[in-house]
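Peer 1: Could you have a look at this structure, given as structure tokens, before my questions?
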Amino acid sequence: MPKYEFTSEFLKKIPKTDLHLHLDGSLRLNTLIDLSKQEKTELPSYTEEGLRKLVFKEAYEDLPDYLHGFLYTGAVMRTAENLERIAFELAQDNIAEGVRYIEVRFAPQLHATKEMKVLDVIKAISRGLEKAAKEHNNSDAVKNGNDIPFHYGLITCAMRRFAKGFAPYFAEILHVLTHAPQEEVFSAASLELARTVTMAVETDNLPIVGFDLAGEEAGYPAVDHKEAYQYCHSHFIRKTVHAGEAYGPESIFQAITQCHANRIGHGTFLFATDRIQDPSIEYPHKYVEDL
């Protein structure tokens, strides 16, 4: 048999997939700086080197520390033009690395404004990805059979929790539902997204391949969003849940048994059952007893 060396050149050339790709975690740093100046949003640094040192670091203290960077990227993702550009560049970057199928995750409600509804957010991102796909698929290399086509799917994320500062959409929900318990507010938002996603698939034929739940895990169980997942399940929308990263194996149990998950995002602590007893993590123990 011929021997193959797994060189960086070989790995770049072979066709690949990326099934867990966050749009707001994939901006080109020069694009983030450019759009921040354009939208007059504040960054801790306006150089790529400074951002890598202060925000997009090689290592993080914990999940909230990592998620903090999304506040800066999300701040420039509130116009259709910006979303389309970011999605287009993301697809371009993946194509350049030999990736030929991606599933892009994003939270549409984080980007919605009074001028741009949740469905408009999904459409803008799809347009950017489709533009890059057409550009590649119409190339001579693909037409001559020397390369393969590029395809993409969309995964729409609900948020485990949110606050007024997250986005205008969430600020409005919290303003209206002033006296409702937090978990009911979060649940209502995810159910509304489930309805929008279903309409986007059934009416607008958008390439949504999954409904997701993202955000800070510890203290915000997936089961609080079971109505949204049941709605998607009843409308044949596939489902995935970020689970087992900072909230232990019981979050994976909830995702499968209560949210009908077809796929788990991360699942890092699938076998680390001792984390249930970890005193440094605040678990909602009423859900742990099911294990």
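A quick yes/no check of all residues on (1) more than 28 Å from residue 245 (Cα to Cα); (2) open to solvent by less than 30 Å² (accessible area, probe 1.4 Å):
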residue: 57; (1), (2): no, no
residue: 60; (1), (2): no, no
residue: 73; (1), (2): no, yes
residue: 81; (1), (2): yes, no
residue: 90; (1), (2): no, yes
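Peer 1: Yes or no: residue 188 out of contact with any Phe, Trp or Tyr (no Cβ under 9 Å at 6 or more places or on another chain), of a type in the set (A, V, I, L, M, F, W, C) and either in a helix (DSSP H, G or I) or touching a residue at least 40 places away in the same chain (Cβ under 8 Å) (or both)? Can you show your working first?
Peer 2: Working: out of contact with any Phe, Trp or Tyr (no Cβ under 9 Å at 6 or more places or on another chain): yes; of a type in the set (A, V, I, L, M, F, W, C): yes; either in a helix (DSSP H, G or I) or touching a residue at least 40 places away in the same chain (Cβ under 8 Å) (or both): yes.
When the stated conditions are applied, residue 188 passes them.
Peer 1: Return a yes/no flag: does the range 2-23 have any residue that is without any contact (Cβ under 8 Å) to a residue 60 or more places away in the chain, closer than 21 Å to residue 165 by Cα and of a type outside the set (Phe, Trp, Tyr).
Peer 2: Keep residues of the range 2-23 that are without any contact (Cβ under 8 Å) to a residue 60 or more places away in the chain, which gives 2-10.
Pick out the ones that are also closer than 21 Å to residue 165 by Cα and you get none.
Scanning the range 2-23, I find no residue that is without any contact (Cβ under 8 Å) to a residue 60 or more places away in the chain, closer than 21 Å to residue 165 by Cα and of a type outside the set (Phe, Trp, Tyr), so the answer is no.
Peer 1: Going through the range 7-33 one residue at a time, which ones are farther than 25 Å from residue 57 by Cβ, of a type outside the set (Val, Ile, Thr) and not in a helix (DSSP H, G or I)?
Peer 2: Selection gives 15, 16.
Peer 1: Another one. Out of the range 249-262, which residues are under 20 Å from the mean Cα position of the chain (by Cα) and either within 19 Å of residue 108 (Cβ to Cβ) or in a loop (DSSP other than H, G, I, E, B) (or both)? Break it down into steps so the answer makes sense when it comes.
Peer 2: We begin by selecting, within the range 249-262, every residue under 20 Å from the mean Cα position of the chain (by Cα); these are 251-252, 254-256, 259-262.
Listed by number, the residues that qualify are 259, 260, 261, 262.
Peer 1: Among the residues of the range 260-274, is there at least one that is closer than 25 Å to residue 200 by Cβ, open to solvent by less than 60 Å² (accessible area, probe 1.4 Å) and at pLDDT below 95?
Peer 2: Step one: list which residues in the range 260-274 are closer than 25 Å to residue 200 by Cβ, which gives 260-265.
When the remaining residues are screened for being open to solvent by less than 60 Å² (accessible area, probe 1.4 Å), the result is 260-261, 264-265.
Filter once more, so that each one left must be at pLDDT below 95: 264-265.
Yes.
Peer 1: A follow-up question, please. Could you tell me which residue of the range 198-237 is farthest from the chain's Cα centre (by Cα), considering only residues that are under 16 Å from residue 261 (Cα atoms) and aliphatic (A, V, I, L, M)?
Peer 2: 223
Peer 1: Also: Within the group 210, 128, 215, which residue is in contact with a Phe, Trp or Tyr (Cβ under 6 Å, 6 or more places away or on another chain) and crowded, with 19+ Cβ neighbours inside 10 Å? Explain how you work it out, then say what you get.
Peer 2: Values: 210 fails: in contact with a Phe, Trp or Tyr (Cβ under 6 Å, 6 or more places away or on another chain); 215 fails: in contact with a Phe, Trp or Tyr (Cβ under 6 Å, 6 or more places away or on another chain).
That would be 128, the only listed residue that is in contact with a Phe, Trp or Tyr (Cβ under 6 Å, 6 or more places away or on another chain) and crowded, with 19+ Cβ neighbours inside 10 Å.
Peer 1: Further question: Taking residue 178 as meeting all but one of (1) of a type in the set (S, T, N, Q); (2) in a loop (DSSP other than H, G, I, E, B); (3) closer than 28 Å to residue 98 by Cβ, write down the number of the exception.
Peer 2: Result: residue 178 passes all but (3).
Peer 1: Listed residues 183, 135; which is of a type in the set (D, E, K, R) and either under 22 Å from residue 80 (Cα atoms) or open to solvent by less than 30 Å² (accessible area, probe 1.4 Å) (or both)?
Peer 2: Numbers: 183 fails: either under 22 Å from residue 80 (Cα atoms) or open to solvent by less than 30 Å² (accessible area, probe 1.4 Å) (or both).
That would be 135, the only listed residue that is of a type in the set (D, E, K, R) and either under 22 Å from residue 80 (Cα atoms) or open to solvent by less than 30 Å² (accessible area, probe 1.4 Å) (or both).
The values are calculated or read from the model by the stated rules, or taken from the named source; none is laboratory data. A quick note: this is a predicted structure, and the numbers were derived from the prediction, not measured. All Cβ positions, glycine included, derive from the backbone under ideal geometry; neighbour counts span all protein chains shown. Side chains included, ligands, DNA and RNA excluded: accessible areas come from the protein's heavy atoms. Shrake-Rupley method; radii C 1.70, N 1.55, O 1.52, S 1.80 Å.
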